[in-house]
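Trainee: Here it is, the structure in full.
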Amino acid sequence: MRYKLLQEGDIQVCVIRHPRTFLSKILTSKFLRRWVPHVQDSAGICPLPTGYMENSISYSAIEDVQLLSWENAPKYCLQLTIPGGTVLLQAANSYLRDQWFHSLQWKKKIYKYKKVLSNPSRWEVVLKEIRTLVDMALTSPLQDDSIHQAPLEIVSKLLSENNNLTTQDHESIIVAIAPLLENNHPPPDLCEFFCKHCRERPRSMVVIEVFTPVVQRILKHNMDFGKCPRLRLFTQEYILSLNELNAGMEVVKKFIHSMHGPTGQCPHPRVLPNLVAVCLAAIYSCYEEFINSRDNSPSLKEIRNGCQQQCDRKPNLPLRLLHTSPDLVSQEATLTESRLKPVIVTSNEIHVEVERNNTANQKMTASVGNDSEPNLIDCLMVSPTCSTMSIELSAQADRILGCYVEILKMLSDYDDWRPALASLLQPIPFPKEALAHEKFTKELKYVIQRFAEDPRQEVHSCLLSVRAGKDGWFQLYSPGGVACDDDGELFASMVHILMGSCYKTKKFLLSLAENKLGPCMLLALRGNQTMVEILCLMLEYNIIDNNDTQLQIISTLESTDVGKRMYEQLCERQRELKELQRKGGPTRLTLPSKSTDADLARLLSSGSFGNLENLSLAFTNVTSACAEHLIKLPSLKQLNLWSTQFGDAGLRLLSEHLTMLQVLNLCETPVTDAGLLALSSMKSLCSLNMNSTKLSADTYEDLK
């Protein structure tokens with residue numbers, strides 16, 4: 001049977017029910033307070049207490065604790081033998097009596113071990129006492145966290161006060177307390193001792209055999225490393241010790257796989273957040289010395305400007321900033337000037353003079369003379385001179401960085417972990433020094449590529465910034481960003497996946513036109529089909545207002561076969577659009593039930609619908625894909641989508657194009673709050689039916 005360890009105040013005052021019984025009043029953490037008789041009668045102990053003694057009995061003074069077993073003894077009583085007498089405790093039942101008995105035995109023994117291990121003489125005896133203490137904790141019928149924690153704290157204090165132990169003594173003590181660590185986190189001082197052992201003896205078998213289950217338990221059950229940062233530090237040192245083995249990262253990979261499990265879904269929800277927390281802290285530690293030495297650390301403004309203003313700065317060790325040479329700076333400056341010269345683009349008989357303005361250079365020019373700290377986008381849109389800046393880590397920091405970036409890569413390979421990993425990394429939780437470090441951003445590119453390849457919106461949407469005014473991975477790895485080390489392949493991949501999701505909107509295209517038009521045109525010129533599609537959509541949705549820029553886009557499209565083909569298709573759609581929007585045709589139209597997107601497209605291509613004001617698609621099989629046809633109806637004011645498969649992506653398109661819509665029926669459609677919120681921009685909307693949708697109360701209030 002298992003018992004709960006008695007705490008302070010658990011033994012309360014009771015009425016004496018037998019002339020030979022005698023009860024205690026309170027059991028405190030260190031002392032047992034008692035009722036003491038002042039007068040004895042012929043029966044022995046006075047039947048009623050006549051006074052309360054303020055002096056206490058310490059647990060160390062208790063010589064023996066026994067269950068009363070003689071004939072006719074009072075029921076449920078304990079006998080405590082102390083110097084100068086005996087104390088009897090009576091409980092209400094046998095369970096409570098046994099609970100008191102085992103608790104007093106435990107308290108008595110634990111104080112004995114504290115005294116013995118506080119003044120060690122011979123380590124053979126100490127090791128034997130530790131093993132006995134561990135066995136006592138494991139076999140105790142008491143069920144309480146302190147039963148296992150108390151021996152660990154005693155050993156932890158012993159190790160912290162004795163620094164002259166040999167490595168063999170260290171390992172012997174670790175092996176002795178290993179059974180207690182199977183179900184308990186090590187205390188902070190013990191974590192410090194474990195970290196030291198991992199650093200000094202990374203190839204020890206103790207690391208594999210004893211520390212592995214301890215770290216696995218930490219990763220599975222820890223809820224907050226902030227409350228015990230040494231648990232995180234111990235986990236970090238353990239993983240680094242695995243990396244020091246002969247197989248290196250293969251051993252780490254097997255450990256990560258063991259934490260995930262053999263199935264496609266990890267059964268432990270805390271493993272991934274804890275692993276990411278360990279990785280982020282380890283990566284930060286690689287740059288911490290550089291970050292903390294503010295006298296030698298460049299500011300965001302200096303990183304943006306290539307640290308040209310701090311050329312006399314002494315390099316910081318072990319991490320230092322390598323500055324560019326004056327010759328290289330002047331060479332880059334000359335190259336920059338040549339890039340800003342006007343370029344003549346020829347398209348058939350049209351000659352358009354275009355000035356290629358670099359958004360990053362414009363932002364840097366605007367911030368010259370401004371002493372305020374630049375925001376992240378200024379820091380990351382690096383000038384050409386900054387591209388030659390590099391950060392050099394010490395050999396140890398470089399190994400740590402390589403190990404934990406590799407772990408992030410491993411985590412991104414698990415499909416079930418990728419959504420949560422993308423969400424955790426979306427705020428870019430890395431120091432600016434890491435983002436300016438070419439090796440780090442080059443290695444992390446694999447993780448971002450995995451996000452860009454994932455078709456799930458919850459994953460690739462994390463490439464965008466977490467909030468307005470803050471950069472995301474999309475900006476960092478796009479041309480002009482500090483992390484971009486290719487010709488825009490990753491940028492094209494990110495744009496492709498975002499355009500294939502619910503981001504095929506005017507807002508997204510407008511942001512590309514404002515910030516990334518140059519890279520889009522360059523990639524389209526090289527035949528990238530995604531960028532060709534982007535340029536065609538910009539023309540189709542009238543994103544570009546400048547006539548010269550439109551002509552340059554047309555010239556770019558006509559310079560490649562794929563661009564020429566898609567531009568011809570665009571021109572054909574524009575002709576059909578003019579025919580569709582030509583005045584005439586019906587004012588009301590109802591599609592038969594079970595009609596599809598293809599049926600709607602075929603119908604709208606059959607004539608003019610410039611007068612169409614009321615369209616009913618109720619009980620048809622149309623989806624969000626039909627929104628591309630609906631937004632071409634210039635006079636549409638009433639739209640009935642009752643019981644269709646029209647979703648959030650279609651609502652976003654409608655909200656951006658059908659500004660004159662007045663009545664919208666979304667009853668029994670799969671729309672959610674994310675799509676319904678887009679309707680807030682439709683100022684002409686007078687009637688909105690959202691019965692039987694996934695509308696929440698908060699969104700309802702927002703729409704009102």
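The values are calculated or read from the model by the stated rules, or taken from the named source; none is laboratory data. This structure is a prediction, so every number in the text was calculated from the model and none was measured. A quick note on method: Cβ atoms are made from the backbone with ideal geometry, for glycine too, and the neighbour counts reach across all protein chains shown. Side chains are part of the model used for accessible areas, which takes the heavy atoms of the whole protein and leaves out ligands, DNA and RNA. Shrake-Rupley method; radii C 1.70, N 1.55, O 1.52, S 1.80 Å.
Trainee: Please compute the net charge surrounding residue 672, taking Lys and Arg as +1 and Asp and Glu as -1 over other residues with Cβ under 15 Å from its Cβ.
Mentor: Net local charge, residue 672 excluded: -4.
Trainee: Sort region 564-638 into rounded, prolate or oblate with this rule: let a ≥ b ≥ c be the square roots of the eigenvalues of the Cα gyration tensor; rounded if a/c is under 1.5, and if a/c is not under 1.5, prolate when a/b is larger than b/c, oblate otherwise.
Mentor: Judged from the Cα gyration tensor, region 564-638 comes out oblate (a/c at least 1.5, b/c at or above a/b).
Trainee: If you don't mind, another one. Between the DSSP loop rule and a limit of at most 11 other Cβ atoms within 10 Å, which trypsin sites (Lys or Arg not before Pro) in region 541-612 are left?
Mentor: Of the trypsin sites (Lys or Arg not before Pro), the ones in loops of region 541-612 whose Cβ has at most 11 other Cβ atoms within 10 Å are 583, 594.
Trainee: Shape verdict for region 198-250, please, from the Cα gyration tensor: rounded (a/c under 1.5), prolate (a/b greater than b/c) or oblate.
Mentor: Here region 198-250 falls in the prolate category.
Trainee: If Lys and Arg each add +1 and Asp and Glu each add -1, what is the summed charge of the other residues whose beta carbon sits under 9 Å from the beta carbon of residue 274?
Mentor: Spelling it out: positives minus negatives among the neighbours equals +3.
Trainee: May I ask you to derive the relative contact order of region 112-294, considering only C-alpha pairs under 8 Å and at least 6 residues apart, and to give it as an integer percent?
Mentor: 18
Trainee: Could you give the size of the charge dipole of region 499-577 about its Cα centre, using +1 on the Cβ of each K and R and -1 on the Cβ of each D and E, expressed in debye and rounded to the nearest 20?
Mentor: 260
Trainee: Further question: Counting only C-alpha contacts under 8 Å and six or more residues apart, can you give the relative contact order of region 422-580 as a whole percent?
Mentor: It rounds to 16 percent for region 422-580.
Trainee: Now for a separate question. List the chymotrypsin sites (Phe, Trp or Tyr not before Pro) in region 435-493 that DSSP assigns to loop (not H, G, I, E or B) and whose Cβ has at most 11 other Cβ atoms within 10 Å. Which are they?
Mentor: The qualifying sites: there are none.
Trainee: Over region 422-580, average the accessible area per residue using a 1.4 Å probe and give it in Å², no decimals.
Mentor: Normalised by residue count, the accessible surface of region 422-580 is 43 Å².
Trainee: Counting other Cβ atoms within 10 Å, keep those with at most 12, restrict to DSSP loop, and tell me which trypsin sites (Lys or Arg not before Pro) in region 452-522 are left.
Mentor: In loop regions of region 452-522 (DSSP not H, G, I, E or B), the sparsely surrounded trypsin sites (Lys or Arg not before Pro) are 467.
Trainee: How big is the dipole moment of region 473-536 about its Cα centre under a simple scheme where the beta carbon of each Lys and Arg is +1, that of each Asp and Glu is -1, and everything else is neutral? Debye, nearest 20, please.
Mentor: 340
Trainee: Then there's this: Tell me, what is the per residue accessible area of region 643-704 in Å², probe radius 1.4 Å?
Mentor: For region 643-704, the per-residue accessible area is 49 Å².
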